[in-house]
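Peer 1: Before anything else, here's the structure in question.
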Amino acid sequence: MVVSRRAVLGAAALGIAGLAGCTVAGAATGPSTGPPTGPPTGPAAAPGMPDQPPPDWEGLRSRLTGALVLPGDPGYDTARLSHNTLFDGRRPAAVAACANPSDVQACLEFARGAGVPVAARSGGHSYAGYSVPDGGLVIDVAGMAGVEIAPDGSATIGAGARLGDVCAAVGGAGRALPAGSCPSVGVAGLTLGGGIGVLTRAYGLTCDRLVSARVVTPDSTLRTVSEREDPDLFWALRGGGGGNAAVVTSFTFATEAAPTVTVFSLRFPAGAAADVLPAWQAWASAAPDELWSTCALSSGSPPGARIAGSFLGGESACRDQLAGLLAGVPAPTSQVVSTKDYLAAMRWFAGSSDRETFVASSRVLPAPLPDPAALVALLDRPRGIAVLLDTLGGAAGRVDPAATAFPHRTAFASAQVYASAAGDPAPPTTAVAEVRDGLGALTGTTGYVNYIDPGMPDWAEAYYGANLPRLRETVARYDPDRVLAFPQSADA
Ligand SMILES: Cc1cc2nc3c(=O)[nH]c(=O)nc-3n(C[C@H](O)[C@H](O)[C@H](O)COP(=O)(O)OP(=O)(O)OC[C@H]3O[C@@H](n4cnc5c(N)ncnc54)[C@H](O)[C@@H]3O)c2cc1C
């Protein structure tokens, strides 16, 4: 039985108590050290400004190795789509299928000159559709998706690679990279926001494995960034969220030897959330690094719950760990405990790549909720809302909160608030906001940038916390003209 996170969310949102479980001319070429120097070149000319000629899309098309897809071109109505069908109404002015970093340099120079809104797209899974700006230019890097594993085990991955392909290539080489498990998610958006997954407690966030990245900054300079080269930008790429300060063309990660993973899932009788949540919190907050788990709560009267997770080790050791939990929860209606190799375990959590229609938001629990009943009460409502609690901490918790832009280092768990909007003429935005704000009263102003929510109150503080001032300063230094600006860009 596959226990994909998508299935977890879908099942929980549907209130199913249990489970039934990823040279361009003018542009600086060659190595560059340090942020752009000299005064900003003044505000980018806005289209339609009286003295601004219409963007020369054919000119851009002629400079690209990859294709430029314009409205009316074959494939435009597919190329403009995101993962979330809620954004199917978006009509970008053009989609550039970039084949190499030079194409990205050309696109950024073009957008800067023409004053056209521009955004990079990797997997197109932005919760707010920010990778497809209406009337703007999409820099699509899906064509740069290679995965190369070096003899030292490090993995150089094109920014357009999807998690499923990354996992297959890295696992196929006997290595492992902590990342999300939904196969269609892009490695770029995921890594830039941090990257939470079933191996986070054992190996850290995805961004914690980053050694260096090749990027194009808004001044069209191609750079290698690392702890030694443009260290502030490298800091911002680790948790500062996608779309800020630069377009990444490839990442180099340090990987681990692929582990043996025991996966597990527990179903409970309907309406068990009030009993399961406190026991899970106590158990999960005392877990060893090898143990990661998720507790999915589903709305209903009363709300439901189920648990799934991974343990780096064999079945008997995993069962020893589970014994502590099982002693405190209602008897599960079903239980799966199965030992697998890394690749099979990641596929067990994977699920489908189909597009979906959903509304979501998030909070981050600094610690186990002192009054878990308050969260259960928030879900005592009609079915359709899920809260997915994923444990953090472990290796991810041992990184200094100021060492990367990802601020939630000492947190206990992320909390995703999710509702399917499939077939719903009125997306359940209000219901999700109510649970988000109710949970915010319990957690404080916190949120996970990779579950980005346009309606999140105080979003910058929530997503970046104490790292916000440095992030804003860094983004402003590398993108003084705000070429990459979007409604929730860190410098907004
Ligand atoms: C089904 C599903 C499952 C998920 N599972 C997980 C999970 O397990 N763990 C987790 O942490 N998150 C998870 N997420 C959240 C996911 O990490 C974010 O939605 C992420 O932003 C998606 O990245 P993307 O590249 O697919 O999306 P995109 O829409 O392509 O990009 C997201 C943002 O990053 C920017 N961006 C994209 N490419 C680049 C680039 N090359 N350089 C600079 N900026 C860029 C975009 O402009 C946009 O602002 C999941 C999301 C979905 C929809």
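Peer 1: Of all residues in region 383-418 being under 18 Å from Gly304 (Cβ atoms) and either among the basic types (Lys, Arg) or in a loop (DSSP other than H, G, I, E, B) (or both), which is nearest to the chain's Cα centre (by Cα)? Walk me through it before giving the result.
Peer 2: Step one: of region 383-418, the residues under 18 Å from Gly304 (Cβ atoms) are 383-390, 415-418.
Next cut, either among the basic types (Lys, Arg) or in a loop (DSSP other than H, G, I, E, B) (or both) only: 383-384.
Working: Arg383: 26, Gly384: 23 Å.
Among those residues, the one meeting the criterion is Gly384.
Peer 1: Look through region 126-143, keep the residues that are more than 6 Å from the ligand (Cβ to nearest atom) and among the aliphatic types (A, V, I, L, M), and return whichever of them is nearest to the chain's Cα centre (by Cα). Break it down stepwise before answering.
Peer 2: Just the residues of region 126-143 that are more than 6 Å from the ligand (Cβ to nearest atom), to begin with: 128-129, 132-140, 142-143.
Still in the list and also among the aliphatic types (A, V, I, L, M): 128, 132, 137-139, 142.
On the way: Ala128: 12, Val132: 16, Leu137: 22, Val138: 18, Ile139: 18, Ala142: 16 Å.
Only one residue tops the list, namely Ala128.
Each row is one residue, and each column tells you yes or no for (1) within 15 Å of the ligand (Cβ to nearest atom); (2) open to solvent by 30 Å² or more (accessible area, probe 1.4 Å); (3) farther than 18 Å from Val261 by Cβ.
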| position | (1), (2), (3) |
| --- | --- |
| Ala350 | yes, no, no |
| Asp380 | no, yes, yes |
| Leu389 | yes, no, yes |
| Asp400 | no, yes, yes |
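Peer 1: Can you pull out the residues in region 74-91 that are away from the ligand (no atom under 12 Å from the Cβ) and either closer than 21 Å to Gly59 by Cβ or part of a loop (DSSP other than H, G, I, E, B) (or both)?
Peer 2: Taking region 74-91 first, the residues away from the ligand (no atom under 12 Å from the Cβ) are 74-80, 88-89, 91.
Scanning region 74-91 gives Pro74, Gly75, Tyr76, Ala79, Arg80, Asp88, Gly89, Arg91.
Peer 1: Output the residues belonging to region 62-94 that are farther than 19 Å from Arg355 by Cβ, open to solvent by 20 Å² or more (accessible area, probe 1.4 Å) and not aliphatic (A, V, I, L, M).
Peer 2: Residues satisfying the conditions are Ser62, Arg63, Thr65, Pro71, Gly72, Asp73, Pro74.
Peer 1: Can Pro71 be described as of a type outside the set (Asp, Glu), outside any helix (DSSP H, G or I) and more than 24 Å from the chain's Cα centre (by Cα)? Don't jump to the end; show me each part of the working.
Peer 2: Values: of a type outside the set (Asp, Glu): yes; outside any helix (DSSP H, G or I): yes; more than 24 Å from the chain's Cα centre (by Cα): yes.
Considered against the rule, which asks whether it is of a type outside the set (Asp, Glu), outside any helix (DSSP H, G or I) and more than 24 Å from the chain's Cα centre (by Cα), Pro71 comes out as yes.
Listed here are the residues, each with its yes/no results for (1) assigned to a loop (DSSP other than H, G, I, E, B); (2) closer than 21 Å to Ala119 by Cβ; (3) at pLDDT 50 or above; (4) touching a strand residue (DSSP E or B) at 6+ places or on another chain (Cβ under 8 Å).
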{"site": "Ile16", "(1), (2), (3), (4)": "yes, no, no, yes"}
{"site": "Thr41", "(1), (2), (3), (4)": "yes, yes, no, no"}
{"site": "Ala46", "(1), (2), (3), (4)": "yes, yes, no, no"}
{"site": "Val95", "(1), (2), (3), (4)": "no, yes, yes, yes"}
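Peer 1: Moving on to the next point. I need the full set of residues from region 419-453 which are assigned to a loop (DSSP other than H, G, I, E, B) and either in contact with a Gly (Cβ under 8 Å, 6 or more places away or on another chain) or farther than 20 Å from Ala405 by Cα (or both), in order please.
Peer 2: Initially, region 419-453 is screened for residues assigned to a loop (DSSP other than H, G, I, E, B), giving 421-428, 444-448, 452-453.
Ala421, Ala422, Gly423, Asp424, Pro425, Ala426, Pro427, Pro428, Thr446, Tyr448, Ile452, Asp453 - these are the residues of region 419-453 that are assigned to a loop (DSSP other than H, G, I, E, B) and either in contact with a Gly (Cβ under 8 Å, 6 or more places away or on another chain) or farther than 20 Å from Ala405 by Cα (or both).
Peer 1: Go through the residues of region 415-433 one by one and say whether even a single one is within 13 Å of the ligand (Cβ to nearest atom), modelled with pLDDT under 95 and not aliphatic (A, V, I, L, M).
Peer 2: Within region 415-433, one or more residues are within 13 Å of the ligand (Cβ to nearest atom), modelled with pLDDT under 95 and not aliphatic (A, V, I, L, M).
Peer 1: When region 236-278 is examined, which residues are found to be within 24 Å of the chain's Cα centre (by Cα), closer than 24 Å to Gln321 by Cα and open to solvent by less than 10 Å² (accessible area, probe 1.4 Å)?
Peer 2: The answer is Val261, Val263, Phe264, Ser265.
Peer 1: Given the conditions (1) open to solvent by 40 Å² or more (accessible area, probe 1.4 Å); (2) more than 9 Å from the ligand (Cβ to nearest atom); (3) hydroxyl-bearing (Ser, Thr, Tyr), and given that Ser154 satisfies all but one, which numbered condition is not satisfied?
Peer 2: (1)
Peer 1: I'd like the residue in region 218-234 that is farther than 26 Å from Pro117 by Cβ and more than 15 Å from the ligand (Cβ to nearest atom) and, out of all such residues, is most open to solvent (accessible area, probe 1.4 Å).
Peer 2: Arg228
Peer 1: Further question: List pairs: first in region 112-126 and hydrophobic (A, V, I, L, M, F, W, C), second near the ligand (Cβ under 6 Å from one of its atoms) and assigned to a loop (DSSP other than H, G, I, E, B), Cβ under 8 Å, 6+ apart or cross-chain?
Peer 2: Ala119/Tyr130; Ala119/Ser131; Ala119/Gly243; Ala120/Ser131; Ala120/Val141; Ala120/Ala159; Ala120/Gly242; Ala120/Gly243
Peer 1: Residues that are of a type in the set (Ser, Thr, Tyr): list the strands (runs of 3 or more DSSP E) wholly contained in region 273-358 that include at least 2 such residues.
Peer 2: Values: elements: 291-298, 304-312, 334-341.
Passing ranges, in order: 291-298, 334-341.
Peer 1: Still on this structure, I have one more. Of all residues in region 456-487, how many are away from the ligand (no atom under 16 Å from the Cβ) and either assigned to a loop (DSSP other than H, G, I, E, B) or aromatic (Phe, Trp, Tyr) (or both)? Outline the logic, then answer.
Peer 2: Pass one, region 456-487, residues away from the ligand (no atom under 16 Å from the Cβ): 457-458, 461, 465-470, 472-473, 476-477, 480-481.
Subset that is either assigned to a loop (DSSP other than H, G, I, E, B) or aromatic (Phe, Trp, Tyr) (or both): 457-458, 480-481.
Number satisfying all stated conditions: 4.
Peer 1: Only residues that are open to solvent by less than 30 Å² (accessible area, probe 1.4 Å) and within 12 Å of the ligand (Cβ to nearest atom): list them for region 104-125, please. Before you say what the answer is, go through the steps one by one.
Peer 2: Here is the first cut: in region 104-125, the ones open to solvent by less than 30 Å² (accessible area, probe 1.4 Å) are 104-108, 110-111, 114-116, 118-119, 121-124.
Listed by number, the residues that qualify are Val104, Cys107, Leu108, Val118, Ala119, Arg121, Ser122, Gly123, Gly124.
Peer 1: Can you find a residue that is open to solvent by 10 Å² or more (accessible area, probe 1.4 Å), in the same structural domain as Ala415 (by TED's automatic domain parsing) and at negative phi anywhere in region 289-300?
Peer 2: Residues of region 289-300 open to solvent by 10 Å² or more (accessible area, probe 1.4 Å): 289-290.
This time we only want the ones that are in the same structural domain as Ala415 (by TED's automatic domain parsing), so: 289-290.
Right, trim to at negative phi and you get 289-290.
Yes, the conditions are met somewhere in region 289-300.
Peer 1: Here is a follow-up. Against the definition (open to solvent by less than 10 Å² (accessible area, probe 1.4 Å), of a type in the set (S, T, N, Q) and farther than 18 Å from Ala284 by Cα), how does Thr333 come out, yes or no?
Peer 2: Values: open to solvent by less than 10 Å² (accessible area, probe 1.4 Å): no; of a type in the set (S, T, N, Q): yes; farther than 18 Å from Ala284 by Cα: yes.
No.
Peer 1: Right, something else. Could you tell me which residue of region 172-186 is surrounded by the fewest Cβ atoms within 10 Å (Cβ to Cβ), considering only residues that are more than 7 Å from the ligand (Cβ to nearest atom) and of a type in the set (A, V, I, L, M, F, W, C)?
Peer 2: Ala173
The values are calculated or read from the model by the stated rules, or taken from the named source; none is laboratory data. Everything numeric here is computed off the predicted structure, so don't read it as measured data. Don't worry about glycine lacking a Cβ; one is built from the backbone with ideal geometry, like all the others, and counts go over all protein chains shown. Just the protein is used for accessible areas: all its heavy atoms, side chains included, with ligands, DNA and RNA removed. Shrake-Rupley method; radii C 1.70, N 1.55, O 1.52, S 1.80 Å.
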